[in-house]
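Working notes for the structure below.
The values are calculated or read from the model by the stated rules, or taken from the named source; none is laboratory data. Predicted model, so just to flag it, every value in this text is computed and none were measured. Cβ atoms come from the backbone with ideal geometry, glycine included; neighbour counts cover every protein chain shown.
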Amino acid sequence: MSIQVGYSYSPEFAQHNKSGHPENQDRLQSVWKGLSASKILPSLKEIPIIPATVEELSLVHTPTHIEDIRRFSEMGGGMLDGDTYLTSASYKVGTLAAGAGLSCLRSVMDQKTQRSFALVRPPGHHAFADHGEGFCFFNSVAIAARAAIEMYKLDRVMILDWDVHHGNGTNSIFYNDPKVLFVSLHQHPLYPGSGFVHETGGGKAKGTTLNIPVSPGMGDIAYLRLFDEVIEPVVNKFCPQLILVSAGYDAHWREKLSGVRTRVSITGFAKMAARAVKYADQHAQGRVVALLEGGYDTEVLAHSVHATFKVFQNEDHIHDPIGPCQQAEVSADDLVAALKQEHGIS
């Protein structure tokens with residue numbers, strides 16, 4: 001069956017750039033070059049980006065935080081913290097990134113596309129309501145989720161975050177919101193050091209946060225088992241009307257940003273994307289919106305994004321030019337058992 005898949009992208013994202021920093025313009029430029037060379041672009045629908053307004057940023061962020069980012073950027077930028085930089089163009093680029101997520105959301109909700117991917121930077125899932133950190137200052141996926149609830153009157157939105165780092169900003173923003181199911185697969189121990197199994201949501205939102213702290217050495221087998229035995233029953237209980245994906249690709253086995261890593265392959269990312277599509281087809285009228293988060297090996301990143309687009313187009317055969325990790329995986333037995341007990345999964 002033919003599926004209309006859309007994307008948003010702008011070369012202006014390159015204006016937020018710091019030479020030598022891992023989160024730099026080369027990341028997204030590599031993705032764009034890879035998509036262009038693969039000849040997939042003519043089969044995709046370009047979704048023009050409308051930059052996010054202050055009102056739209058305010059769906060998630062405090063007025064003080066928004067104004068601080070605007071003023072800091074206007075003054076020429078600098079280091080927001082030890083990891084996060086701003087340039088003179090960063091505020092504009094941040095509104096463009098959030099706007100790309102919103103533009104993809106509108107395209108899917110208005111049935112112009114069924115699935116879409118906002119090719120943005122900087123990432124956003126470490127941005128809290130009142131501050132930024134971890135390369136992030138506006139939380140684009142959170143803004144899209146809140147817009148889906150406020151503007152499209154949805155009652156159940158799922159955010160699936162498979163970036164190797166815990167989306168602590170997104171976790172915080174929706175921890176007490178029963179309308180958002182936040183699912184995060186992230187390596188632990190690793191920055192930012194949050195996202196424990198027992199953190200499952202507060203008050204009426206108990207059970208709508210599913211934190212899955214995977215151990216270094218876990219890879220495709222463990223991740224897909226976690227999807228099938230833990231995530232799927234939680235999704236089936238929640239019945240999301242829309243699935244948003246914080247699509248980070250730094251759980252790949254070749255990623256070198258820090259330490260001993262998880263061992264996901266490009267094929268593994270494709271299979272995770274396929275499960276997101278499956279959940280959307282079952283519960284959300286097929287509606288999936290992905291937003292790019294991390295991924296710092298530019299070759300891996302480009303091939304992983306391409307594979308995700310192919311999955312969104314219902315392609316069964318996914319080419320992985322880098323291949324799987326050759327090291328044996330760490331077992332997920334204990335983690336699966338702990339998650340099932342915490343979330344009442346039989």
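What are the residues in segment 56-99 that are of a type in the set (S, T, N, Q) and either assigned to a helix (DSSP H, G or I) or touching a Leu at 6+ places or on another chain (Cβ under 6 Å) (or both), if any? Walk me through it before giving the result.
Taking segment 56-99 and keeping what is of a type in the set (S, T, N, Q), we get 58, 62, 64, 73, 84, 87-88, 90, 95.
The answer is T64, S73, S90, T95.
Just checking, how many residues over segment 3-31 are touching a Lys or Arg at 6+ places or on another chain (Cβ under 7 Å), among the β-branched types (V, I, T) and crowded, with 17+ Cβ neighbours inside 10 Å?
Final tally of qualifying residues: 1.
When segment 1-23 is examined, which residues are found to be within 22 Å of V288 (Cβ to Cβ), part of a loop (DSSP other than H, G, I, E, B) and modelled with pLDDT of 95 or more?
Selection gives Q4, Y9, S10.
For segment 262-297, which residues satisfy the criterion of being over 15 Å from D163 (Cα atoms) and not charged (D, E, K, R)?
T267, A274, V277, Y279, A280, Q282, H283, A284, Q285, G286, V288, V289, listed by residue number.
Yes/no matrix, rows are residues, columns are (1) at pLDDT below 95; (2) of a type outside the set (K, R); (3) within 23 Å of R115 (Cα to Cα):
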site	(1), (2), (3)
H186	no, yes, no
S194	no, yes, no
L226	no, yes, no
S246	no, yes, yes
L257	yes, yes, no
M272	no, yes, yes
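Being modelled with pLDDT of 95 or more, in contact with a helix residue (DSSP H, G or I) (Cβ under 8 Å, 6 or more places away or on another chain) and over 26 Å from K45 (Cα atoms) narrows it down to one residue among R156, R121; which is it?
Residue meeting the stated conditions: R156.
Could you identify the single residue in D250, D334, D320 that is at pLDDT 95 or above, farther than 26 Å from R156 by Cβ, charged (D, E, K, R) and buried (at least 19 other Cβ atoms within 10 Å of the Cβ)?
Just a single option satisfies the conditions, and that option is D250.
Condition check ((1) β-branched (V, I, T); (2) on the phi > 0 side of the Ramachandran plot; (3) out of contact with any Ser or Thr (no Cβ under 8 Å at 6 or more places or on another chain)) across all residues:
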position: Q241; (1), (2), (3): no, no, yes
position: V245; (1), (2), (3): yes, no, yes
position: L257; (1), (2), (3): no, no, yes
position: I266; (1), (2), (3): yes, no, no
position: L291; (1), (2), (3): no, no, no
position: G294; (1), (2), (3): no, no, yes
position: G323; (1), (2), (3): no, yes, no
position: D333; (1), (2), (3): no, no, yes
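Would you confirm, using the coordinates I've provided, whether S304 is buried (at least 24 other Cβ atoms within 10 Å of the Cβ), of a type in the set (S, T, N, Q), in a helix (DSSP H, G or I) and in contact with a helix residue (DSSP H, G or I) (Cβ under 9 Å, 6 or more places away or on another chain)?
Details: buried (at least 24 other Cβ atoms within 10 Å of the Cβ): yes; of a type in the set (S, T, N, Q): yes; in a helix (DSSP H, G or I): yes; in contact with a helix residue (DSSP H, G or I) (Cβ under 9 Å, 6 or more places away or on another chain): yes.
Against the criterion (buried (at least 24 other Cβ atoms within 10 Å of the Cβ), of a type in the set (S, T, N, Q), in a helix (DSSP H, G or I) and in contact with a helix residue (DSSP H, G or I) (Cβ under 9 Å, 6 or more places away or on another chain)), S304 qualifies.
May I ask you to list the residues in segment 204-249 that are among the acidic types (D, E) and under 30 Å from F138 (Cα atoms)?
Selection gives E232 alone.
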